[in-house]
Amino acid sequence: MYCVSNALKLATGALVLAIITFAGTTPSSAQSGCLPGSLQRTLGQIRANFGPVRIVSTFRRGAMIAGSGRRSLHASCRAVDFHAPPGKRAAVIAWLRGNHTGGLGIYGCSMSHIHIDNGGRYSWNKCIGGRRTASR
Ligand SMILES: [Zn+2]
């Protein structure tokens, strides 16, 4: 009995270590610390006006824009994908259209997160995971 519980402790310890290691080396990051100040401020204003946002991802090493072959601003941590507070998605998008000066991306279909970046002022609406996957 003693041996079994000891082995279990060891296994649990190894698992915890594996999770920590994975979190530290994963190329996809939900940390907002690397974002430029303008995006940090925008996120702060959204939190202040609408409530807590859930960051999906910020920095993605070598990220490309789907279907375009161009480098994504996520590759240099100048973009953030996030979920608006529950029920506030439309309001947050409307606010961004009026207040955010960089890029704004809205995913439809099975994805519901919002993308903002500090690139040029443009917006797009993509459907990923559905039939209407945008090609431009
Ligand atoms: Zn994005």
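Quick notes on this one:
- Screening GLN31 against (1) within 14 Å of the ligand (Cβ to nearest atom); (2) at pLDDT below 95 leaves a single unmet condition, (1).
- Answer residue from the range 48-61, given it is in a loop (DSSP other than H, G, I, E, B) and touching a Lys or Arg at 6+ places or on another chain (Cβ under 8 Å) and is farthest from the ligand (Cβ to nearest atom) among those: GLY51
- The number of residues in the range 36-47 being buried (at least 19 other Cβ atoms within 10 Å of the Cβ) and either without any contact (Cβ under 8 Å) to a residue 12 or more places away in the chain or within 12 Å of the ligand (Cβ to nearest atom) (or both) comes to 1.
- When restricted to residues that are of a type in the set (A, V, I, L, M, F, W, C), over 18 Å from SER57 (Cα atoms) and free of Cβ contacts under 8 Å to residues at least 24 places away in the same chain, the range 67-92 contains 1.
- Residues that are among the basic types (Lys, Arg) and under 20 Å from GLY37 (Cβ atoms), drawn from the range 61-93: ARG78
- Single residue of the range 102-120 satisfying the filter (modelled with pLDDT of 90 or more and β-branched (Val, Ile, Thr)) that is nearest to LEU35 (Cα to Cα): ILE116
- The lone exception for ARG70 - which of (1) touching a helix residue (DSSP H, G or I) at 6+ places or on another chain (Cβ under 7 Å); (2) basic (Lys, Arg); (3) modelled with pLDDT under 90 it fails: (1)
The values are calculated or read from the model by the stated rules, or taken from the named source; none is laboratory data. Model, not experiment: these values are computed from the prediction. Because the Cβ atoms are built from the backbone with ideal geometry, glycine has one as well, and the counts that use them run over all protein chains shown.
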